[in-house]
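Written below as structure tokens is the structure these notes are about.
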Amino acid sequence: MEAAAFDAGVQQPEGEENLIEAAKQIVKALGSGKNLTDDARKILADLGTQLSTINIISEDKDGDIGELEAQLDAIQEKIANWEADPSMIWDSGPDEAGEYMNATLEAQRLIERLENFCPGGGGGDDAGRRDLLRRGHDVLQMAMARLEQEFTHLLVQNQLPFERDNVASFRSSEDDGLDFNSFVSTGDDLEDPSNRDSSVSRSWEELTIDMVHPDAIPDLRDIAELMFASGYGHECSQAYITVRRDALDECLFILEMEKLSIEDVLKLEWGSLNSKIKKWIRALKQFVRVYLASESFLSEQIFGQLEQSSWSVCFIEASKGSMLQLLNFGEAISIGPHKPEKLFPILDMYETISGMIPDLDSLYASGAGSCVRIDCHELQRRLGDSVRAAFLEFENAIATSTSTIAFAGGGIHHLTRYVMNYLNTLTDYQESLNYLLKDHDRQNAVVMSPDLSPSTRQEDDASGEPAADDYATMALHFRSVTSILECNLDDKSRLYRDPSLQHVFMMNNVHYMAQKVKNSAALRHVFKDEWIRKRNWKFQQHAMSYERATWSSVLSLLKDEGNSHPGSVSKAQLRDRLKNFYVAFEDVYRTQTSWIIPDAQLREDLRISTSLKVIQAYRMFIGRHTNNIGDRHVRYSADDLQNYLLDLYEGSQKSLHNPHRR
């Protein structure tokens, strides 16, 4: 206030009085303009009041405090009357609220006048003015306490409900968590990770909503400005912070975020924890991009015209508790056990917090928000470390997965399905995963199976084509994983006593791996075509090995020894050889109808290849020796055998019951 620059004991020269009077006339003339904005009118009115105050100081300098005391009595009576009424002033309408604001403003200005001409002496009039000043402060304090109540009331009564419909909806399925432990322990039962909920959105449109009814904003702003101007800014800020902190806590409750300590989180079962992680991801996105953005805007609307940092401090203090609650949950996840089944949820959390970092850096840009910014970046780092640890544990779990019982039917092992689907799903996170694995030393990052020889690693890590520069690190790890898997499958194949079934098992699983990569654009981009060609060659080698192991001994019964003439072999020998062939064929039929080749095309190709060899050899034998064998000893026609071969590899055991069998 300019009036504060004048000492009540100094006589103003006549020239100054004329200057003040001229200034008042100028202000009056400017104030009569029709095109002035409300802010301009307010500034001119304040200036007129200050000029009048200077005159009042001059007039009152002789020490007559009667008029000032009378003014204070009138103001005190007004404020006391409102204080005696338990109803809220702003509920009575704008006129009542305006009167109270004017009375409070009068008290504030009266105190300013008294402060300006209370000298440090000890005269009687000075003591009277000091007593009057103390009374003025008491009256103002009473008014400020009431304004604080009214401010709080306005904030609470005009708070708009939190609507989850204000933002994009998320699927709420919470029972689709991955169970990696099952294959580590048993090697057999396990859920396909491709069935995981892929609904976690990585895109979001920022949406600002009204947190408080817009009609209440001007009143809240006016109260805040008056309280700050009267030296009660701290009380006003604390009232705002208390109300809005509770409101944001309620917001987290509506978003289904419980207040859990780190210890509480670490004690949760995986199913419950996975559900809470999904809620956390949804809540963090909604809370930061909708509610925090809106809360920041609300603070700026109310306190933006005051001291530069007031609104940001109010926002930060009101919101940091809720924000830290969200961050504490993330920290608990990051320090928990790094099991492979947690990799996808942790990756979702990592990508979510990474996507929120720019928003959070902007919202908490001021010095007061540094603690929140630091904690956000620290959580991002911790979750990144957890991703790396969980991926390496995934590799290790494959290498150490053991079975004591052969997989029934020689089909595609659950481990194979799981690992390939796991890798396929990881390609959704290829940018994040490649970034997080990039800084790891290869020797420390790749977990090798004891049976994974250096030559095998060199063959599989160098696919014959350079990996995509953008994802070279991830490609290296993925190829290492499949090499580890193949070594593990080779160990599992040795659980079969029948060498033929060993080859069927390896053929099925290597073929599945090759097809999974071939049919996935993302995996194909990582592994490259040369890797696929090598796996195709491998499963074809197993198919040929199966044919040799199964049919070489069977078909040898139909081959003539050396260049023997048909007449050089007795009829009895020929009949015995044919009989033994039938026994061997029926044994193969009974055994291998229970075996399974899940891929229809692979199954058909192997049947055709087998049929060509078996049927051709059978027809040649029967055609060459038909006169010596006799029709009564021929149990099956070539067409019969061909039809029986179509029953193989279906996974349902059958037996041949020929009525003519002897």
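The values are calculated or read from the model by the stated rules, or taken from the named source; none is laboratory data. On a predicted model such as this, the values are computed, not experimentally measured, just so you know. Here the Cβ positions follow ideal geometry from the backbone for every residue, glycine too, while neighbour counts run over all protein chains shown. Note: areas computed on protein heavy atoms with side chains; ligands, DNA, RNA excluded. Shrake-Rupley method; radii C 1.70, N 1.55, O 1.52, S 1.80 Å.
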In nm, the gap between the two label points placed 7 Å beyond Cα toward Cβ at Ile405 and Asp361 is 5.5 nm
Grab the Cα-Cα distance for Ile374 and Asp215, subtract it from 0.36 nm times how many residues apart they are, and report the gain in nm with one decimal. 53.6 nm
Would you mind putting 256-267, 284-295 in packing order, based on average other-beta-carbon counts within 10 Å, highest first? 284-295, 256-267
Distance (nanometres) between label positions extended 7 Å along Cα→Cβ at Lys518 and Glu431: 3.2 nm
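Counting other Cβ atoms within 10 Å, which chymotrypsin sites (Phe, Trp or Tyr not before Pro) in the stretch 582-662 have at most 13 and lie in a DSSP loop?
Listed in order of number, the matching sites amount to none.
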7 Å from Cα along Cα→Cβ at both Ser570 and Arg245: what's the point-to-point distance in nm? 10.7 nm
What figure in square angstrom, to the nearest 10, would you give for the accessible area of Met420 with a 1.4 Å probe? 0 Å²
Between Ser556 and Leu207, what length in nm is gained on full extension when 0.36 nm per residue of separation is reduced by their alpha carbon distance? 117.9 nm
I'd like the accessible area for Thr425: 1.4 Å probe, protein heavy atoms, all chains in place, Å² to the nearest 10. 10 Å²
Work out how far the C-alpha atoms of the stretch 302-341 reach from end to end along every principal axis, then list the three figures in whole Å, largest first. 52, 12, 12
What part of the accessible area of the stretch 537-642, given as a whole %, is carbon or sulfur when the probe is 1.4 angstrom? 50 percent
If packing is taken as the average number of other Cβ atoms within 10 Å across a peptide's residues, how do 272-282, 570-580, 86-96, 369-379 rank, most packed first? 272-282, 369-379, 570-580, 86-96
Please give the length that would be gained between Phe253 and Arg134 if that part of the chain were fully extended, namely 0.36 nm times their separation in residues minus their C-alpha to C-alpha distance (nm, one decimal). 38.2 nm
Plugging the Cβ-Cβ distance of Asp498 and Asp631 into 1/(1 + (r/R0)^6) at R0 = 45 Å yields, to the nearest 0.05, a FRET efficiency of 0.85
Can you spot the lysines whose alpha carbon is less than 28 Å from Lys259's alpha carbon? Ignore those fewer than 8 places along the same chain. Lys267, Lys276, Lys278, Lys279, Lys285, Lys320, Lys339, Lys342
